[in-house]
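K.L.:
Take a look at the following structure, please.
Any read-out appearing in this document is the output of simple, stated calculations on the displayed coordinates, not a laboratory observation. On a predicted model such as this, the values are computed, not experimentally measured, just so you know. Here the Cβ positions follow ideal geometry from the backbone for every residue, glycine too, while neighbour counts run over all protein chains shown.
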Amino acid sequence: MVKPWQDTTLPAHVRAADLLARMTTEEKTAQLSSVWIGADTDGADVAPGQNTYAARSAALDALLPYGLGQLTRPFATVPVEPAEGAARLAELQRTIRAGNRFALPALAHEECLTGFTAWQATVFPTPLAWGATFDPALVTEMAQAIGTSMRAVGIHQGLAPVMDVVRDARWGRTEEAIGEDPYLVGTIGTAYVRGLEAAGIVATLKHFAGYSASRAARNHAPASIGPRELADVILPPFEMALRDGGARSVMPAYNDIDGLPAHAHTWLLTHLLREQWEFTGTVVSDYYGVSLLEEAHRVADGEAGAARLALTAGVDVELPAARCFSPADPLPEELLDRAALRVLTQKCELGLLDPDWEPVTGGAPVDLNPPHMRELAQKVAQESVVLLANDSGALPLSDGLRIGLVGPLAHEQAAMLGCYTFPRHVGIHHPDLPTGVEVPTLAEALRTELPDAVFVDDPAGADVCLAVVGDRSGLFGRGSSGEGCDAEDLELPYGQAELLDEAMACGAPVVIVVLSGRPYALGRWADRATAVVQAFFPGQEGGGAVAGVLSGRVEPSGRLPVAVPRSPGGQPAPYLAPPLGRHGFPSTVDPTPLFPFGHGLSYTEFTWDTPECEAPELPTDGEASIRLTVRNTGERSGTEVVQLYLHDPVGSVARPEARLVGYARVTLDAGASAEVHATFPADLAAYTGADGRRVVEPGALELRVAASSEHVHHTVPLTLTGAEREVGHERRMRCEIRVK
């Protein structure tokens, strides 16, 4: 007889509740647990505390009689052939099912921040490059392809995207974030979530919340932010991705906010997330985040105390391995039932409770790097390259030149790969292992791109010098960018400032190419470089993308998701700062960036007609329609990125000078034009006032139609009328823009 929890015609929460009622305390606890098979206990760690904690975590054999909640990184722990990995995972699932009386499988999760983090899988550009595309539709397509490949080998959950808003680019995980603007992070991150979820993969938003606002940009450091910065800058991207993207999981951050660690933050994980935002998915801990309540934050006395704190706050699953959530230490029954019900409901939604569920059959050939994935990686890389400067038309380069190519990163695959790519995350610990996918260096790509050019190491006597600088990604000090690789300042690492000084003295025109995980201060050479190109770890197809921009085969269309500073010190940059956070009296420090947020050039020219606005007076619950025409007046096709910024002249609290509220890519052939139609809802003018309420206030506003946060083409005055209006989770969070 089919029991209610096995009845696929019943709602998931009903089935999960029936199964929960049949479980023992140990079986419920096991559903909140995870196992990381193959995690190194004494070698090179890939997670904070891995060496310490892995040996003290519950083993699979101990949990088998009760079941298991999650399997951690079956593909991204050690290198494994894709077909073999799928077969191993399937056999492991059979073992787990055979071990517990309900025949429940585990939910398997993986990293997917730059594609599926598995050997031989396509390596996509890092999230900072997604932000540079300003192309949500492309990011959705990329994410769906990534999710489909993961689902095909038996993975259920992806630990991405990162929704942290960059507050100080010295933070090592800047490369993992999408940008420094909450609207850009929210829209691009939501696009990624939609693609992953459309493929049947549970998207996991991280790191909730305040991780990127840590003191001095140090990893895990306390976040010194007030409630308004939290409400108006840090939280909106998460809210958008949950509400509009449908993300089904959230991961708390390692940091504390005003002394309260995120993994023990009841207001954050329950009051806000569950009660106000009505989130019904799962909250999974960051790796060893529950243990860190005891051993780093020191707010818990022992493992059991840490488990109770986290469970009370709203953490449902302990990752990556069960140490604190243990059947040996009984948890409060009411809280245990609450978390286990959420886990079982999600498993039910994934089909893991269905009587006919079977693991993905392994053994058949598996291609994790097929042509369409490589084409997508190439397109994302191409759209993400930013042309920052091009004095006197130094670019594009013509073939047949004598080109001086300097800088070790011109010859390294590392210059293309972010911290969470398999080669830099895991492969680096296996030096004899082939990369698994082709990753041309920039030097190799340039020789293919410009076959008649002569490349020399010594730029003396060259027609042009390409000076290639930037980063090597890594974990916890094994790179200049990446998790735990924070910077004291934004000076180029590895002595590359001296390399640029030497290049500038060679006499040839110098083009600076930056391949990095964060922006670096370039003001020292701004007046001497003839052109500057920026790419943020553009992935396996990045060499060809950058070379294509340099040659002119690829039209540059990327825009800066983070500002490029002028000097290494005056951080953070002033984007989103109120007037007193910008340059001027009474400070001698000028934080004005060299290239502002949203900046990027093209090889063609555009003109923007004066916009027309219907009903410039609108109620505080209304909307305004804006229309403008963009024309390509140059001699080649190109893409302009139309950006809308909101300026609030007078607020009840100090407000940013301007903040992004809409954008659209406009691709035009030479001589062509297009109309851009934008619908601006008054809800986008909402902000958190002195009393903690988010309100839309009546009064004057200004929409800036711009090519960057500082390059404004036109202004559109608006007036909000009527009464002040409080808005909440139901508010409209995006400006709809159509290109005709």
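K.L.:
For the stretch 367-460, what is the charge dipole size about the Cα centre, in debye to the nearest 20, if Lys and Arg each add +1 at the Cβ and Asp and Glu each add -1 at the Cβ?
P.N.:
200
K.L.:
Sticking with this one: Suppose the chain between VAL2 and ARG732 were pulled fully straight at 0.36 nm per residue; how much longer would it get relative to their current alpha carbon spacing? Intermediate values should be presented prior to the final figure.
P.N.:
On the way: separation 730, 0.36 × 730 = 262.80 nm, distance 4.45 nm.
The span from VAL2 to ARG732 would gain 258.4 nm if fully extended.
K.L.:
Sticking with this structure for a sec: Computed from the mean reciprocal separation of all distinct C-alpha pairs, what Kirkwood hydrodynamic radius does the stretch 606-739 have, in Å?
P.N.:
15.5
K.L.:
To continue, here is another question. Pick out, from GLY495, PRO459, GLY484, the residue whose Cα sits farthest towards the positive end of the charge dipole of the stretch 453-496, with +1 on the Cβ of Lys and Arg and -1 on the Cβ of Asp and Glu.
P.N.:
Value: GLY484.
K.L.:
Among [x] 27.8; [y] 33.1; [z] 26.5, which one is Kirkwood radius over Cα pairs in Å computed from these coordinates?
P.N.:
Derived directly from the coordinates: [z].
K.L.:
If you don't mind, there's one more thing I want to ask. Taking the Cα centre of each part, how many Å lie between the stretch 510-563 and the stretch 228-280?
P.N.:
So the two Cα centres are separated by 34 Å.
K.L.:
Might you report the magnitude of the Cβ-based charge dipole of the stretch 29-349 about its Cα centre, with Lys and Arg at +1 and Asp and Glu at -1, to the nearest 20 debye?
P.N.:
The dipole magnitude comes to about 420 debye.
K.L.:
On alpha-carbon atoms, Rg over Rh for the stretch 385-581 using Kirkwood Rh?
P.N.:
0.96
K.L.:
In addition: Positive end of the charge dipole of the stretch 594-731 (Lys, Arg +1 and Asp, Glu -1 on Cβ, about the Cα centre): tell me which of GLY651, ALA672, ALA707 has its Cα farthest that way.
P.N.:
Working it through, the farthest residue towards the positive pole turns out to be ALA707.
K.L.:
Something else now. For the stretch 80-184, state which trypsin sites (Lys or Arg not before Pro) are in a DSSP loop and have at most 15 other beta carbons lying within 10 Å of their beta carbon.
P.N.:
For trypsin sites (Lys or Arg not before Pro) across the stretch 80-184 that sit outside H, G, I, E and B with at most 15 neighbouring Cβ atoms in 10 Å, the list reads ARG101.
K.L.:
Taking 56 Å as R0, compute the FRET efficiency from the Cβ-Cβ separation of GLU614 and ASP61 and round it to 0.05.
P.N.:
Computed FRET efficiency for GLU614 and ASP61: 0.25.
K.L.:
Tell me the trypsin sites (Lys or Arg not before Pro) within the stretch 296-341 that lie in a loop according to DSSP and have at most 10 other beta-carbon atoms within 10 Å.
P.N.:
Loop-located and lightly packed - ARG298.
K.L.:
Between ARG528 and GLU26, what is 0.36 nm times their sequence separation minus the Cα-Cα distance? Round to one decimal in nm.
P.N.:
Gain in length upon complete extension: 173.9 nm.
K.L.:
Here's something else I'd like to know. May I ask for the distance between the Cα centers of the stretch 715-735 and the stretch 135-178, given as a whole number of Å?
P.N.:
Cα centroid of the stretch 715-735 versus Cα centroid of the stretch 135-178: 30 Å apart.
K.L.:
Same structure, new question: Using helices alone, what [θ] at 222 nm do you get for the chain, with -39,500 (n - 2.57) per DSSP H run of 4 or more residues, divided over all residues and rounded to the nearest 500?
P.N.:
Details: 17 runs with 172 residues, N = 740.
Rounded to the nearest 500, it is -7000 deg cm²/dmol.
K.L.:
Give the longest segment of the chain that steers clear of GluC sites (Glu not before Pro) in DSSP loops with at most 16 neighbouring Cβ atoms within 10 Å, not counting the sites themselves.
P.N.:
Numbers: sites that count: GLU278, GLU438, GLU488, GLU491, GLU605, GLU635, GLU724, GLU730.
Longest gap between qualifying sites, sites excluded: 1-277.
K.L.:
Using the alpha-carbon centroid of each, what span in Å lies between the stretch 583-599 and the stretch 449-480?
P.N.:
Cα centroid to Cα centroid, the span is 29 Å.
K.L.:
Using a simple charge model, +1 on the beta-carbon of Lys and Arg, -1 on the beta-carbon of Asp and Glu, nothing else, what dipole does the chain show about its Cα centre, in debye to the nearest 20? Don't skip to the answer; put the middle values down first.
P.N.:
Working: 57 positive and 94 negative charges, 170 e Å.
Computed charge dipole of the chain: roughly 820 debye.
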